[in-house]
Every structure is written in C-alpha cells, then in structure tokens.
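See below for the structure under consideration.
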Amino acid sequence: MNKNELITAIAGKAGLSKKDTEKALRAFEEVVVKELVDGGKVQLVGFGTFDVAERAAREGRNPQTGEVMPIAASRAPRFKVGKALKDAVNKK
C-alpha cells in the first residue's frame with residue numbers, strides 16, 4: 001500500500017474527505033519527525049513506539065579493499081511494534 005492508497009483507505013474508514021485525511025496524515029508525519037529530532041519518542045499504546053537509536057562510532061572495512069575505515073556515530077529512527085499489533089499480525 002502506498003501513501004495515496006493509505007489516504008483513500010483512511011478517508012473511507014473515517015468518513016473524511018481525501019483532502020482532510022491527507023492534511024491529517026501530513027500533520028502526523030511532521031509531529032513524529034519533530035519529536036524524534038528533538039530526542040523524544042511517540043508511543044501509540046497497542047500499535048508501537050517511534051524512537052531514536054544512538055549508534056556509536058566504530059571501525060568498518062571496505063569490502064572491496066579490506067581497508068579499515070571509520071564509521072561516524074549516528075542517530076537512526078526506529079519503530080518498535082506493540083503487542084496488540086504483533087498479536088493481530090500473528091493471529092491464526
């Protein structure tokens with residue numbers, strides 16, 4: 001499902017216009033991004049948690065030459081799935 005299909009599905013389920021649904025989805029994305037950039041997390045109980053993982057600086061190797069090269073420290077966004085979502089996906 002791509003973004004347009006998601007907007008259509010949400011609009012149909014919620015009884016909203018596609019334009020209003022797109023605005024709401026865009027606002028959700030912006031709020032999540034701002035919170036993660038500010039070092040926070042967004043927790044949707046039962047669905048999951050968006051947060052940031054800190055990756056320490058380390059040494060890696062160039063796979064072609066075997067040469068050792070530094071890999072800088074970084075921050076990576078991640079999503080940890082909630083129990084209700086996991087159970088729904090694994091329902092037998």
**Report entry** Nearest 10 degrees, 0 to 90: helix 3-14 Cα axis against the chain principal axis
**Finding:** 40 degrees
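Sequence gap at least 6, Cα distance under 8 Å: using those rules, report the relative contact order of segment 51-92 to the nearest whole percent. Walk me through the numbers before you get to the answer.
Details: 44 pairs, mean separation 16.5, N = 42.
After rounding, I find 39 percent.
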Query raised in the report: Taking Cα pairs under 8 Å and at least six residues apart, what relative contact order does the chain come out at, in percent?
Result: 21 percent
Report summary line: Of the listed links K18/K41; K3/K86; K34/K80, those spanning more than 26 angstrom between alpha carbons are K18/K41
Query raised in the report: Anyone know which of R58, R78, R26 comes out most mobile in the 10 Å Cα GNM of the chain?
Result: R58
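Using only alpha carbon positions, build the gyration tensor of segment 41-92, then give the equivalent ellipsoid semi-axes as the square roots of 5 times its eigenvalues, largest first, whole angstrom. List each step's numbers first, then the result.
Details: eigenvalues 253, 48, 5 Å².
Whole-Å semi-axes of the equivalent ellipsoid: 36, 15, 5.
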Query raised in the report: What is the list of residues in segment 18-42 whose amide nitrogen lies under 13 Å from a point 7 angstrom out from the Cα of K3, following Cα to Cβ?
Result: 22-30
Query raised in the report: Using the alpha-carbon atoms, what tilt in degrees (0 to 90, nearest 10) does helix 18-37 show relative to the longest principal axis of the chain?
Result: 30 degrees
Report summary line: Over all viewing directions the Cα convex hull of the chain casts an average projected area in nm² of 9.7 nm²
Query raised in the report: On the first, second and third principal axes, largest extent first, how far apart are the outermost C-alpha atoms of segment 10-51 in Å?
Result: 33, 22, 6
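Each reported figure results from applying straightforward, stated rules to the coordinates on display, with no laboratory input. This one's a predicted model, so the numbers in the text were calculated from it and none came from an experiment. Glycine also receives a Cβ, built like all others from the backbone with ideal geometry; neighbour counts cover every protein chain displayed.
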